[in-house]
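Working notes, beginning with the structure itself.
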Amino acid sequence: MRLDGKVVLVTGASSGIGEAVADRLAGQGARVLVHGRDPVRVRRVADRLSATALTVDLREQGAVAELADQALAAHGSVDAIIHSAGVGWSGRLDQMPPDTLRTLLRVDLEAPVELTRLLLPEMLRRGTGHLCFVSSIAARTGVAGEAVYAAAKAGLDGFAESLRYEVSRAGVEVSVVVPGAVDTPFFERRGRAYGRRRPRQQPADVVAAAVVRCLEEGRPEAFVPTWLRVAGVVRVVSPAGFRRLSDRFGEQVPPRPGGGSGDSRDPG
Ligand SMILES: NC(=O)c1ccc[n+]([C@@H]2O[C@H](COP(=O)([O-])OP(=O)(O)OC[C@H]3O[C@@H](n4cnc5c(N)ncnc54)[C@H](OP(=O)(O)O)[C@@H]3O)[C@@H](O)[C@H]2O)c1
């Protein structure tokens, strides 16, 4: 897809990966719809890029329909969606507050599925479109302390893979971008800093470059960094060996004092 003049909705564009994607798209002449939850952060990015600001909290009842309506109203159609809005939570499942569990499933899985369902018919009618889902390596390998997050992202992966079979012949492309650790406020917001020296965190702009390549070249999948693909392959080829390595070298998750959502920037 050529990006010049295209209308691209980027969810979670008020921070991190989504913001970097919005930057790159605007730089290539796309008309970007900057979505986020915090009105100040959304406005700051939208103003900087001369883009449209859409502030919607995806946890709320009717929020996704409202976002779809606002997106269509901005320019009459949406050529592509980058689903980047997401939240994490780190800790043992037995300490996870029920509200946090619901928020993760809602924001990381249900909202992107519902938003896609609402905007897809118009893409199918026009015979063109691109749906890009920002997943996570957690979905492909499993990660201690992130069971619900990994499940939500794995659900998104399965959704994207299945949807591609439904829509590709009708001209709508589907891509999945699978990052490892990325240097954004994500970790601070999930309640536990990224504590490993390796693999090193990637800059958000490197993920953004992979997203833009998927759009421009119609690529179905991208890993960031690219060598991360090996982790998924090893897990499939040698599941027992992979589990042994994960047990030995993976992070152990200390109990959280008092649990908690860990979203220190949560405006809601
Ligand atoms: N950082 C990593 O290491 C990493 C690795 C793999 C995958 N990912 C995925 O990459 C995506 C982007 O994460 P990031 O690293 O860029 O994190 P981030 O900097 O924390 O950005 C998250 C974005 O999601 C938005 N968001 C969160 N909750 C929302 C809600 N209830 N309603 C509407 N918007 C909401 C935030 O909006 P506000 O800022 O306005 O609150 C923000 O724009 C996520 O899907 C994440 O799971 C991240």
field: GluC sites (Glu not before Pro) restricted to region 35-139 and DSSP loop, no more than 15 other C-beta within 10 Å
entry: 60
field: Label point distance in nm, residue 69-residue 219, each placed 7 Å from Cα along Cα→Cβ
entry: 3.8 nm
Projected label distance in nm at residue 248 and residue 166, using a 7 Å step from Cα toward the beta-carbon: 4.3 nm
- prompt: Amide H of residue 175: which non-local residues (sequence gap of 5 or more, or other chain) have their own amide H closer than 5 Å, using H built in the peptide plane?
  reply: 131, 132, 133
message: Of the candidates 234, 207, 107, which one comes out as most mobile in a Gaussian network treatment of the chain with C-alpha springs shorter than 10 Å?
response: 234
- request: Output ³J(HN,Hα) for region 237-248: one whole-Hz value per residue in order, computed from phi by the Karplus curve 6.51 cos²θ - 1.76 cosθ + 1.60 with θ = phi - 60°, and x for Gly and Pro.
  value: 6, 9, x, 5, x, 4, 5, 4, 5, 5, 4, 7
statement: Computed ³J(HN,Hα) along region 148-154: with the Karplus parameters 6.51/-1.76/1.60, θ = phi - 60°, integer Hz and x for glycine or proline, the list is 6, 4, 4, 5, 5, 5, 5
- prompt: How much of residue 149 can a 1.4 Å solvent probe reach, expressed as accessible area in Å² and rounded to 10?
  reply: 20 Å²
- request: Order the following by accessible area, largest value first: 6, 153. Probe radius 1.4 Å; ligands, DNA and RNA are ignored.
  value: 6, 153
- request: Give the distance, in whole Å, between the Cα centre of region 80-109 and the Cα centre of region 188-226.
  value: 18 Å
task: Using a Förster distance of 35 angstrom, determine the FRET efficiency expected from the C-beta separation of residue 77 and residue 198, and round it to 0.05.
output: 0.20
task: Rounding to the nearest 20 debye, state how big the charge dipole of region 7-249 is about its Cα centre with +1 on each Lys and Arg Cβ and -1 on each Asp and Glu Cβ.
output: 920 debye
- line: Long-range amide H partners of residue 202, meaning residues 5 or more apart or on another chain whose placed amide H is closer than 5 Å, are 181, 182, 183
- line: Candidates 167, 230, 34; GNM for the chain (alpha-carbon contacts under 10 Å) flags as most fluctuating 230
query: Where Lys and Arg each count +1 and Asp and Glu each count -1, what net charge lies around residue 160 among other residues with Cβ under 12 Å from its Cβ?
result: -3
query: Relative to the longest principal axis of the chain, what angle (0 to 90°, nearest 10) does the C-alpha long axis of helix 63-75 take?
result: 40 degrees
Residues of region 7-249: accessible area per residue with a 1.4 Å probe, Å²: 45 Å²
- request: Run the 1.4 Å probe and let me know the accessible area of residue 249, rounded to the nearest 10 Å².
  value: 120 Å²
task: Leaving ligands, DNA and RNA out of it, work out the accessible area of residue 83 with a 1.4 Å probe and give it in Å² to the nearest 10.
output: 10 Å²
- request: Normalising by the residue count of the chain, find the relative contact order in percent from Cα pairs under 8 Å and 6+ residues apart.
  value: 21 percent
statement: Per GNM of the chain with C-alpha springs under 10 angstrom, the most fluctuating residue out of 245, 228, 72 is 245
message: Considering only protein heavy atoms and a probe of 1.4 Å, how much of the accessible area of the chain is carbon and sulfur, as a whole percent?
response: 53 percent
field: Accessible area, probe 1.4 Å, largest first, for residues 17, 82
entry: 17, 82
- prompt: Relative to the present Cα-Cα distance, how much length would full extension add between residue 95 and residue 236 at 0.36 nm per residue of separation?
  reply: 47.7 nm
field: Helix axis angle, 39-49 relative to the chain longest principal axis, alpha carbon, degrees
entry: 60 degrees
field: 222 nm mean residue ellipticity, helices alone, for the chain (DSSP H n ≥ 4; -39,500 (n - 2.57); rounded to 500)
entry: -14500 deg cm²/dmol
field: Fully extended contour minus Cα-Cα distance, from residue 126 to residue 48, at 0.36 nm per residue
entry: 25.0 nm
- prompt: Could you sort 123, 1 by accessible area so the largest value comes first, with the probe set to 1.4 Å?
  reply: 1, 123
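The values are calculated or read from the model by the stated rules, or taken from the named source; none is laboratory data. Since the model is a prediction, treat every value here as computed from it, not as a measurement. With ideal geometry, Cβ positions are generated from the backbone for all residues, glycine too; neighbour counts draw on all protein chains shown. What goes into the accessible areas is simple: the full protein's heavy atoms, side chains included, and nothing from ligands, DNA or RNA. Shrake-Rupley method; radii C 1.70, N 1.55, O 1.52, S 1.80 Å.
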